[in-house]
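**Q** Let me give you the structure first, and then I'll get to my questions.
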Amino acid sequence: MTGVGQPGPEIEAYAGLGGWTPESLAVPGEVRPVVSAPEQVLSRAGGEVDPTAAETVRLAADLIATMRVSPGCVGLAAPQVGVGAQVFAVDVTGHPKALTVHGTFVLCNARVVEASRWKVAREGCMSVPDLTGDVKRASRLVVEGVLPGTGRSVRLVTDGFEARALQHEIDHCAGLLFLDRVAGAHAIYQRKVYL
């Protein structure tokens, strides 16, 4: 969805996370099992959360911990660990396709406010382990969301692979899989490499 939005007074008008790191959560994360389609939680929109609530902070820490032990994982959303909530983690650090990299971060209640430069590229997903697909996504993106723990609203500007990862995770929070975005059966493939 393409839209143009200006930051409101509560949104920090910078293109970054303002020094937020996973350590800001101040709780250790636990690895959670990742659910696979057709689990119902993956097809339902998650609810908005209170970013400062203890359960949200714990969920954020758990998403990071689970993502870090999962080879090749660059993003993980709450529905993928069985929680119907608008929370996701992303980290494209070191990925060869990444242009802009904001490191490891978690956003709550995120929404796309600007999207442009649409491109088709192959995607995979831990919750759809046997398939990949060609998905058209914006390669320039502006997202607004709230940081867990601090409750601070941010405006994140990104592009390329990180933009794709953000859109993939925002889709999970809305109850969508990448399979819902492909042009048809001709754009779905058996996964050849398991990371």
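The values are calculated or read from the model by the stated rules, or taken from the named source; none is laboratory data. Please read these numbers as outputs of a predicted model, since none were measured by experiment. All Cβ positions, even for glycine, are placed from backbone atoms using ideal geometry, and neighbour counts span all protein chains on display. Quick note on the areas: whole protein, heavy atoms, side chains included, nothing else; ligands and nucleic acids left out. Shrake-Rupley method; radii C 1.70, N 1.55, O 1.52, S 1.80 Å.
**Q** Taking the options K97, K119, name whichever one is of a type in the set (K, R) and in contact (Cβ under 8 Å) with a residue 24 or more places away in the chain.
**A** Values: K119 fails: in contact (Cβ under 8 Å) with a residue 24 or more places away in the chain.
Criteria check complete, one pass: K97.
**Q** Here is a further query. For the stretch 157-166, enumerate the residues that are open to solvent by less than 20 Å² (accessible area, probe 1.4 Å) and closer than 22 Å to P79 by Cα.
**A** E162, A163, A165, L166
**Q** Please state which one of A13, A89 is modelled with pLDDT under 95 and either among the hydrophobic types (A, V, I, L, M, F, W, C) or within 17 Å of V128 (Cα to Cα) (or both). Show your work before the answer.
**A** Numbers: A89 fails: modelled with pLDDT under 95.
Just a single option satisfies the conditions, and that option is A13.
**Q** It is to be established whether one or more residues within the stretch 121-144 are over 28 Å from P38 (Cα atoms) and part of a helix (DSSP H, G or I).
**A** no
**Q** Next up: Looking at the stretch 147-156, which of its residues are open to solvent by 20 Å² or more (accessible area, probe 1.4 Å) and either in contact with an Asp or Glu (Cβ under 9 Å, 6 or more places away or on another chain) or modelled with pLDDT under 95 (or both)? Outline the logic, then answer.
**A** Filtering the stretch 147-156 for residues open to solvent by 20 Å² or more (accessible area, probe 1.4 Å) gives 149-153, 155.
Of everything in the stretch 147-156, those that are open to solvent by 20 Å² or more (accessible area, probe 1.4 Å) and either in contact with an Asp or Glu (Cβ under 9 Å, 6 or more places away or on another chain) or modelled with pLDDT under 95 (or both) turn out to be T150, G151, R152, S153, R155.
**Q** Restrict the check to the stretch 87-107 and report whether at least one residue is touching an Asp or Glu at 6+ places or on another chain (Cβ under 8 Å), of a type in the set (S, T, N, Q), open to solvent by less than 40 Å² (accessible area, probe 1.4 Å) and not in a loop (DSSP other than H, G, I, E, B).
**A** There is no residue in the stretch 87-107 that is touching an Asp or Glu at 6+ places or on another chain (Cβ under 8 Å), of a type in the set (S, T, N, Q), open to solvent by less than 40 Å² (accessible area, probe 1.4 Å) and not in a loop (DSSP other than H, G, I, E, B).
**Q** Taking Q80 as meeting all but one of (1) assigned to a loop (DSSP other than H, G, I, E, B); (2) open to solvent by less than 40 Å² (accessible area, probe 1.4 Å), write down the number of the exception.
**A** For Q80, the exception is condition (1).
**Q** Are any of the residues in the stretch 42-65 exposed (fewer than 14 other Cβ atoms within 10 Å of the Cβ) and at pLDDT below 95?
**A** No: zero hits.
**Q** Scan (1) within 15 Å of R164 (Cα to Cα); (2) open to solvent by 50 Å² or more (accessible area, probe 1.4 Å) for the single condition E30 breaks and write down its number.
**A** Going through (1) within 15 Å of R164 (Cα to Cα); (2) open to solvent by 50 Å² or more (accessible area, probe 1.4 Å) one by one, E30 breaks only (1).
**Q** Looking at the stretch 31-59, which of its residues are part of a helix (DSSP H, G or I) and either within 26 Å of K97 (Cβ to Cβ) or of a type in the set (V, I, T) (or both)? Break it down stepwise before answering.
**A** So the first thing to find is which residues in the stretch 31-59 are part of a helix (DSSP H, G or I), and the list is 40-43, 54-59.
Selection gives V41, L42, T56, V57.
**Q** Return yes or no: is D62 in a strand (DSSP E or B) and over 13 Å from the mean Cα position of the chain (by Cα)? Walk me through it before giving the result.
**A** Details: in a strand (DSSP E or B): no; over 13 Å from the mean Cα position of the chain (by Cα): yes.
So D62 fails the test.
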